[in-house]
Amino acid sequence: MSLPMGARRAAGGGSMNAGGKVPLGLKRKGLRIVVTGGAGFVGSHLVDRLIARGDSVIVVDNFFTGRKDNVAHHFGNPRFELIRHDVVEPILLEVDQIYHLACPASPVHYKFNPIHKTNVVGTLNMLGLAKRVGARFLLTSTSEVYGDPLQHPQVETYWGNVNPIGVRSCYDEGKRTAETLTMDYHRGLEIEVRIARIFNTYGPRMCLDDGRVVSNFVAQALRKEPLTVYGDGKQTRSFQYVSDLVEGLMRLMEGEHVGPFNLGNPGEFTMLELAEVKSIRMLRFKLPIIY
Ligand SMILES: NC(=O)c1ccc[n+]([C@@H]2O[C@H](COP(=O)([O-])OP(=O)(O)OC[C@H]3O[C@@H](n4cnc5c(N)ncnc54)[C@H](O)[C@@H]3O)[C@@H](O)[C@H]2O)c1
C-alpha cells in the first residue's frame, strides 16, 4: 500500500521539514545530502554551502568535467564524502535529499561526448534512489529546454522551440527528458521533486575556455589577448553569480513548490558590454575586441 507522501517521508526517516524553518531555541538536525556532479563548478559551491549549514554531504562524480581540487578543502571533514561514480550506473545511498547536477554544461564537453545517456539513464537512477529511500529530489535543468526561443524573456509556461536532431540536442532534449521523468516520478510515484531551469552562471571554478562567453573572455583577458565577439556583439544574455544560483537552488529544495523555476538574472547585457566590463575589471584597461 502506498502511504501519503508526508507520512511516507516521516516513516522513511526523511524530515517532513527537510531543512526548513526550525522553531527558535531548537537546533536544526543536519541532513544527509547527495550532490551528483558535486565536484563541478556549481556543485562544488553548493557543497560548500551545505557543509557550512551543518549538513552531511556525499558527492557522486565521475570527474568528466569536475575536479577533485574543487572539493579538496573538505577532505578530512567527517561530514564530507567523495565517491567516484558514473550516474548511469545505479547507486544506493541513505540520504534525505538529492541534488542532481551531474551533467557537463558546456557545448565543448557535451559535443565531444554526447550526454543523452547521462541525462536520461542518470536521472532515472537518481529518481529510483529518491523513491527507494524517500528522499526529496532536485533536478538542475537548463534554459536550453526553451531551445531557440520565439518568446523573450522565457516564462516557465512557454514550451520552447527545440531541435531534436542537432549537435546540442543531447543536452537540450536530454534535459527535457530528465524533466519529463522527474514529473512522472512525482505524479505517478509521489516522489517529492523540484525542477530548476538554470540560466548562464559564472564565478570561481568555472572551466576556462569551455566555449561559454564568460569563461572565454576571462581566459582571453588573463592571456591579455583581444576578446572575440561573435556577430555584431549586440546580442544580449543574462548572467548570474554562482552564489545567487546556489541560494536559489537551496531555497527551491526547502520550499513547497515543485517548479519548474527559471533561476537567472533578469538583467540582460550585450556581448560588447560584457567584453568591456571583463577587460576593465580584470586588467584596469580595455582590451581590443575582434569580431
Ligand atoms: N553553469 C551554467 O551556466 C549552467 C546553466 C544551465 C544549467 N546548468 C546545469 O547545472 C549543472 C551543473 O553545471 P556546471 O556548470 O557546474 O557544470 P560542470 O561541468 O562544471 O559540472 C558537472 C559535474 O558533473 C559531473 N558529471 C558529468 N557527467 C557525470 C556522470 N555521468 N556521472 C557522474 N558525474 C558526472 C562532472 O564531472 C562535473 O563535476 C548541470 O546539470 C548543468 O546542466 C548549468
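Since every read-out is calculated from the coordinates, none of them should be taken as a lab result. For clarity, every value in this text was computed on a predicted model and none was experimentally measured. Every residue, glycine as well, gets a Cβ built from its backbone with ideal geometry; the counts of neighbours run over all protein chains shown.
Between helix 123-133 and the chain there is an angle of about 30 degrees, using the helix long axis and the longest principal axis of the Cα atoms.
Residue ranges 146-152, 189-195 sort as 189-195, 146-152 when ordered by packing (mean number of other C-beta atoms within 10 Å per residue, highest first). Toward the positive end of the charge dipole of the range 176-291, with +1 on the Cβ of Lys and Arg and -1 on the Cβ of Asp and Glu, the farthest Cα among Val246, Phe269, Val258 is that of Phe269.
On the principal axes of its alpha carbon atoms, the range 26-166 extends 48, 36, 27 Å, with the longest extent given first. Seen against the Cα atoms of the chain and their longest principal axis, helix 213-222 is set at about 60 degrees. Angle, helix 169-189 long axis vs. longest principal axis of the chain, Cα atoms, 0 to 90°, nearest 10? Around 20 degrees separate the two axes.
Positive contributions from Lys and Arg (+1) and negative ones from Asp and Glu (-1), summed over other residues with Cβ under 14 Å from the Cβ of Gly160, come out at -2.
Basic side chains Lys and Arg get +1 at the Cβ, acidic Asp and Glu get -1 at the Cβ, and with that the dipole of the chain about its Cα centre reaches some 660 debye. Here is the size of the chain from its Cα atoms: Rg then Dmax, 19.6, 67 Å.
What does the net charge come to around His73 if you take all other residues with beta carbon closer than 14 Å to its beta carbon, with K and R at +1 and D and E at -1? Within the 14 Å Cβ shell, the charges total +3. Taking Ile58, Ile33, Ile83 in turn, the Gaussian network model of the chain (Cα-Cα springs below 10 Å) assigns the largest fluctuation to Ile83.
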